[in-house]
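Q: Can you read through this structure? Questions will come right after.
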Amino acid sequence: MAAAALEVVLPKLVSDAVAQGLRDMTGSKQVSAKVDKSPALFMLGGKFDRVAADAGDVKVDKLTFRTMHIRLTGVDVDIRSLLANRTLVLQKVDAIELTAAITQEEVAALLNNSVKGVKNAVVAITPGRVEVSSALNFGGFARVDVKLEGRIVGDRENRRIKFITDKFWLNNTPVGNIGGSLLTEVPLVDLKKLPFGVNVRDVVMEQGQVVIYTDNRS
């Protein structure tokens, strides 16, 4: 009976501790986690087969991910820190898969707060395309209405997510190539600031959001 009870109680205890540890690592207040190891008693050795977690409103760099799904396999942790302090110290992880979603509203907020001169940007994300409508102010004496069409892409070499402009309009007039403009290429997320060593695998633009797929595979 004691062994059977341990199989029920210990996974819940460890999963709750991992969830708290991930809250501290990601800055999210909304994290749930599930840890798998069979038999459960072996969890006390700090070795887990799998950790699956879901988090909301994860602040990374200058941007907030609306949702983040974390999948870890072959995980070794400092079990004393985890159970005593609910601090998650990852000593080894064989495989990491992380999927995160960014809303169009969050992209707009980043442009308004981070790109000099941009004011009241509105972003619309649809499958395969991003449209940005805004205004550029120059020194307080000139205003130009701006419309952009482009993509959100991954930069594996620099481990970043960025917005790339394909088409550009000034006051409803297409201007063609805009090399050198502030809005030609806008960095959105530096993945090196995540608490996991991941790189971009895929970026998918959906209705109203962009979904980032990352992992630790070379």
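Q: How do R80, R23 rank when sorted from fewest to most other Cβ atoms within 10 Å of their own Cβ? Please list the in-between numbers first.
A: Numbers: R80 11, R23 19.
Placing the least packed residue first, the sequence is R80, R23.
Q: Per DSSP helix of 4 or more residues, -39500 (n - 2.57); summed, then divided by the residues of the chain. What does that give at 222 nm, rounded to the nearest 500?
A: Result for the chain: -6500 deg cm²/dmol, rounded to the nearest 500.
Q: Also, I was wondering about something else. (1) 1.04; (2) 1.17; (3) 1.26: which one is Cα Rg over 2.2 N^0.38 Å as calculated from this entry?
A: For Cα Rg over 2.2 N^0.38 Å, the calculated option is (3).
Q: Further question on the same structure: Quote to one decimal, in nm, the extra length available between L6 and I164 on full extension: 0.36 nm per residue of separation minus the C-alpha distance between them.
A: That pair, L6 and I164, stretches by 51.6 nm at full extension.
Q: So if each residue of separation counts as 0.36 nm, and I subtract the Cα-Cα distance between V204 and R156, what length gain in nm does that give?
A: That works out to 15.8 nm of additional length.
Q: Continuing with the same structure: Length gain on complete extension for the stretch K59 to V175, per 0.36 nm per residue less the alpha carbon to alpha carbon distance?
A: Numbers: separation 116, 0.36 × 116 = 41.76 nm, distance 3.52 nm.
Difference between extended and current length: 38.2 nm.
Q: How far is helix 2-26 tilted off the main Cα axis of the chain, in degrees rounded to 10, range 0 to 90?
A: That helix lies at roughly 30 degrees to the long axis.
Q: Could I ask something else about it? Order by neighbour count: L41, L83, fewest other Cβ atoms within 10 Å first, most last.
A: Placing the least packed residue first, the sequence is L41, L83.
Q: Sticking with this structure for a sec: Tell me, what ³J(HN,Hα) does each residue in the stretch 30-45 have, in order and in whole Hz, if you take phi through Karplus 6.51 cos²θ - 1.76 cosθ + 1.60 with θ = phi - 60° and put x for Gly and Pro?
A: 10, 10, 10, 9, 9, 10, 10, 7, 10, x, 4, 4, 5, 4, 5, x
Q: Can you tell me the dipole magnitude for the stretch 104-215 around its Cα centre, using point charges on the Cβ only (Lys, Arg +1; Asp, Glu -1), in Debye to the nearest 20?
A: The calculated dipole for the stretch 104-215 is roughly 280 debye.
Q: Compute the long axis of helix 104-114 from its Cα atoms, compare it with the longest principal axis of the Cα atoms of the chain, and write down the angle in degrees, 0 to 90, nearest 10.
A: 70
Q: So if R0 is 30 Å, what FRET efficiency would N113 and T87 give, r being the distance between their Cβ atoms, rounded to the nearest 0.05?
A: Once rounded, the FRET efficiency stands at 0.40.
Q: Once the dipole of the stretch 76-156 is set up with Lys and Arg at +1 and Asp and Glu at -1 on Cβ about the Cα centre, which of G154, N137, L110 lies farthest towards its positive end?
A: Of the listed residues, the answer is N137.
Bear in mind that the values in this text are calculations on the coordinates, not laboratory data. Quantities reported herein were computed from a predicted structural model and do not represent experimental measurements. Using ideal geometry, Cβ is built from the backbone for each residue, glycine included, and neighbour counts are taken over all protein chains shown.
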